[in-house]
Amino acid sequence: MSEYQIAVVVGSLRRDSLNRKLASAMARLAPSDFSFKQVEIGDLPLYNQDHDAQPAESVQRLRAEIAAAHGLLFVTAEYNRSLPGALKNAIDHGSRPYGESVWGGKPAGILGVSVGAIGTAMAQQHLRNILAYLDVPTLGQPEAFIHGDDGLFDDADNFGEGSRKFLQNWMDHYVMWVKQHAA
């Protein structure tokens with residue numbers, strides 16, 4: 001495969017989200033044969049099975065972007081010890097109607113940053129449970145529960161010296177994971 005298209009799903013809707021910043025900085029660590037596109041989830045209606053036959057345009061766009069991707073990168077915040085509702089809503093839209101999931105078989109990685117001491121550990125674990133059900137092979141190691149302290153990013157929104165080596169190692173493992181599992 002000459003180029004790997006990665007759909008990036010950021011769980012936080014906030015424009016200046018640390019997780020959106022993390023997603024952008026991670027993409028800059030990838031090799032040139034990987035391209036990353038952040039998928040918009042903020043305009044999705046709440047999932048309602050009554051609309052499966054005629055999904056909204058935003059739902060059709062989400063499903064098409066996920067279907068076209070060779071891999072997935074989830075970068076999520078943690079709300080109330082779990083994943084954000086907007087992220088769960090996007091996952092539900094992509095997995096329905098039953099038997100027509102666009103997620104299945106796509107290799108994934110999960111990251112997250114939080115100002116809390118345990119990063120996004122609980123959100124990531126809940127997301128892993130959901131992705132396992134949806135048949136999404138998910139990178140298990142290394143894990144990355146990132147504490148959003150002052151040194152995480154430099155003035156250009158790249159990783160600071162204290163984080164760059166760790167996150168480059170994570171990206172290197174993710175790249176191998178995608179190459180191993182992408183169809």
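Every number here is computed from the coordinates shown, using simple stated rules; none is lab data. Treat the numbers as computed from the prediction; the structure is a model and nothing was measured. Glycine gets a Cβ as well: all are built from the backbone with ideal geometry, and neighbour counts include every protein chain shown.
Under a model in which nothing but the beta-carbon of Lys, Arg (+1) and Asp, Glu (-1) is charged, region 4-181 shows a dipole of about 200 debye around its Cα centre.
Considering only P55, V75, A123, the residue lying farthest towards the positive end of the dipole of the chain is A123, judged by Cα position with unit charges set on Cβ.
On the beta carbon distance between Q5 and H147, with R0 = 22 Å, the FRET formula returns roughly 0.15. Only bridges whose two residues both fall in the chain count here: according to DSSP, what percent of them are antiparallel, nearest 5? DSSP beta bridges in the chain are roughly 10 percent antiparallel. Straight-line cross-link partners of K88 among the lysines, defined as a Cα under 29 Å from its Cα and at least 8 positions apart when in the same chain: K21, K37, K106, K179.
Modelled spin-label separation between N129 and K37, with each label point placed 7 Å from Cα along the Cα-to-Cβ direction: 3.2 nm. Dividing the summed -39500 (n - 2.57) terms of all DSSP H runs of n ≥ 4 by the residue count of the chain sets its mean residue ellipticity at 222 nm at -11500 deg cm²/dmol.
Here the spin labels are modelled as points 7 Å beyond Cα on the Cα-Cβ line, and at D52 and H173 they lie 3.7 nm apart. Could you work out the mean projected area of the convex hull around the alpha carbons of region 4-181, in square nanometres to one decimal? Seen from a random direction, the Cα hull of region 4-181 projects 9.7 nm² on average. Taking only the C-alpha atoms of region 1-84, the Rg (one decimal) and the largest Cα-Cα distance, Dmax (whole number), read 14.2, 42 Å.
If I stretch the segment between S82 and E161 completely, what's the gain in nm (0.36 nm per residue apart, minus their alpha carbon distance), one decimal?
Values: separation 79, 0.36 × 79 = 28.44 nm, distance 2.95 nm.
Roughly 25.5 nm would be gained on extension.
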